[in-house]
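The values are calculated or read from the model by the stated rules, or taken from the named source; none is laboratory data. What you see is a predicted model, and the numbers here were worked out from it, not measured in a lab. Please note: Cβ atoms are built from the backbone with ideal geometry, for glycine as well, and neighbour counts cover all protein chains shown. With ligands, DNA and RNA removed, areas are computed over all heavy atoms of the protein, side chains included. Shrake-Rupley method; radii C 1.70, N 1.55, O 1.52, S 1.80 Å.
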Amino acid sequence: MIEVTHLTRRFGKLTAVDDLSFTVKPGEAVALWGANGAGKTTAVRCLLNLIPFEGQITIAGLDVRQHSKAVRTQIGFVPQELNFHDDLTVSETVTFYGRLRKLPHGTDLTPLLTRLELIPHINKRVRDLSGGLKQRLALALALLADPPILILDEPTANLDIRAREEFLLFLHTLKQEGKTFVFSSHRLEEITALADRVLLLEAGKLVIDTPPHELERRLGWETTLHLYLPEPTIEPALQTLTHFGMPVSRNGRGVRVQVAPGKKGELLRRLHEAGIVIEDFTVE
């Protein structure tokens, strides 16, 4: 569906994207992950052919520079910074963008707006919408022509926790329906919730291409669990985890234990087999 080959973008002496190559299969969700300045947004802008670049990008078999109009019909885009006409209503905004998308006159968009729970707000002016509703409106506009591909740049960056969870849940539903996704994010929880593959960028270079469940192992991360236990079981828990070679120490009304990538389930299983009840836990 998408093929990126030796993509490079320079701003003067700064190389924002450096020889980036990857492919995206139909129905796949691929996350561009990395710190601020890693090149995520620049890569997205290149995919959209918004800025000049070196290398080649094809979408649905079409070169994005040679067939830009045809490529745009295949893509719905949700930007990080939303720029609407604040004095328009939701209805007027949808109508305006529908004309830009050249939707047939009389196209019924009620089902789409209903799915995104925008019908109750149809006559509100955009400036009066919450951040979560504005993001839903942006997604509705991206989906007006029902494109097979969605490209999203930090889609939940400005949302609170609840709005973020609701937005990700809807994106997951679209993915199950067969949409192809490329999205940038610096939030690990977004990646694990939606992505099939993670492309880790550092200084514009691709350093890791992996499924989300392999990310911790590839990075060599260790997780620290704080387990809250009944007082009589704290000492047995220390002995059990020490026996299996897990770095553990007492921590208030429980234990603190470092867990290697992919071993959290084993830790919980060992304690369960030893008859130790975990009242609560936190992860860092």
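From Ala29, Ala35, Ala60, Ala43, which residue is touching a Leu at 6+ places or on another chain (Cβ under 9 Å) and open to solvent by 30 Å² or more (accessible area, probe 1.4 Å)?
Ala35
What single numbered condition from (1) over 33 Å from the mean Cα position of the chain (by Cα); (2) loosely packed, with under 15 Cβ neighbours inside 10 Å; (3) at negative phi fails to hold for Glu222?
The single condition Glu222 does not satisfy is (1).
The rows are residues; the columns are (1) modelled with pLDDT of 95 or more; (2) out of contact with any strand residue (DSSP E or B) (no Cβ under 6 Å at 6 or more places or on another chain).
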residue	(1), (2)
Phe53	yes, no
Gln56	yes, no
Lys69	no, yes
Arg72	no, yes
Pro79	no, no
Asn83	no, yes
Tyr97	no, yes
Arg101	no, yes
Pro104	no, yes
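What is the residue count in segment 213-267 for residues that are over 30 Å from Ala195 (Cα atoms) and of a type outside the set (Phe, Trp, Tyr)?
Adding up the residues that qualify gives 27.
Can you tell me how many residues in segment 4-15 are in contact with a strand residue (DSSP E or B) (Cβ under 9 Å, 6 or more places away or on another chain) and surrounded by fewer than 22 Cβ atoms within 10 Å (Cβ to Cβ)? Lay out the reasoning, then the answer.
Filtering segment 4-15 down to residues in contact with a strand residue (DSSP E or B) (Cβ under 9 Å, 6 or more places away or on another chain) leaves 4-10, 15.
From the residues that got through so far, the ones that are surrounded by fewer than 22 Cβ atoms within 10 Å (Cβ to Cβ) too are 5-6, 8-10, 15.
Within segment 4-15, residues that are in contact with a strand residue (DSSP E or B) (Cβ under 9 Å, 6 or more places away or on another chain) and surrounded by fewer than 22 Cβ atoms within 10 Å (Cβ to Cβ) number 6.
Conditions first: (1) on the phi > 0 side of the Ramachandran plot; (2) touching a residue at least 24 places away in the same chain (Cβ under 8 Å). Gly245 passes all but one, so which condition is the exception?
(2)
For segment 98-216, which helices (runs of 4 or more DSSP H) that fit wholly inside it have 3 or more residues that are of a type outside the set (Lys, Arg), in contact (Cβ under 8 Å) with a residue 12 or more places away in the chain and open to solvent by 10 Å² or more (accessible area, probe 1.4 Å)?
131-142, 161-176, 188-194
Say whether the condition of being free of Cβ contacts under 8 Å to residues at least 12 places away in the same chain, open to solvent by 70 Å² or more (accessible area, probe 1.4 Å) and in a loop (DSSP other than H, G, I, E, B) is met by at least one residue in segment 79-97.
For segment 79-97, residues free of Cβ contacts under 8 Å to residues at least 12 places away in the same chain, open to solvent by 70 Å² or more (accessible area, probe 1.4 Å) and in a loop (DSSP other than H, G, I, E, B): present.
On the basis of being touching a strand residue (DSSP E or B) at 6+ places or on another chain (Cβ under 6 Å) and touching a residue at least 24 places away in the same chain (Cβ under 8 Å), does Ala35 make the cut? Explain how you work it out, then say what you get.
Details: touching a strand residue (DSSP E or B) at 6+ places or on another chain (Cβ under 6 Å): no; touching a residue at least 24 places away in the same chain (Cβ under 8 Å): yes.
Judged against the criteria, Ala35 is not a match.
Looking at Val255, Val248, Val259, can you tell me which residue is among the aliphatic types (A, V, I, L, M) and either open to solvent by 10 Å² or more (accessible area, probe 1.4 Å) or within 30 Å of Gly39 (Cβ to Cβ) (or both)? It would help to see each step written out before you state the result.
Details: Val255 fails: either open to solvent by 10 Å² or more (accessible area, probe 1.4 Å) or within 30 Å of Gly39 (Cβ to Cβ) (or both); Val259 fails: either open to solvent by 10 Å² or more (accessible area, probe 1.4 Å) or within 30 Å of Gly39 (Cβ to Cβ) (or both).
On inspection, the qualifying residue turns out to be Val248.
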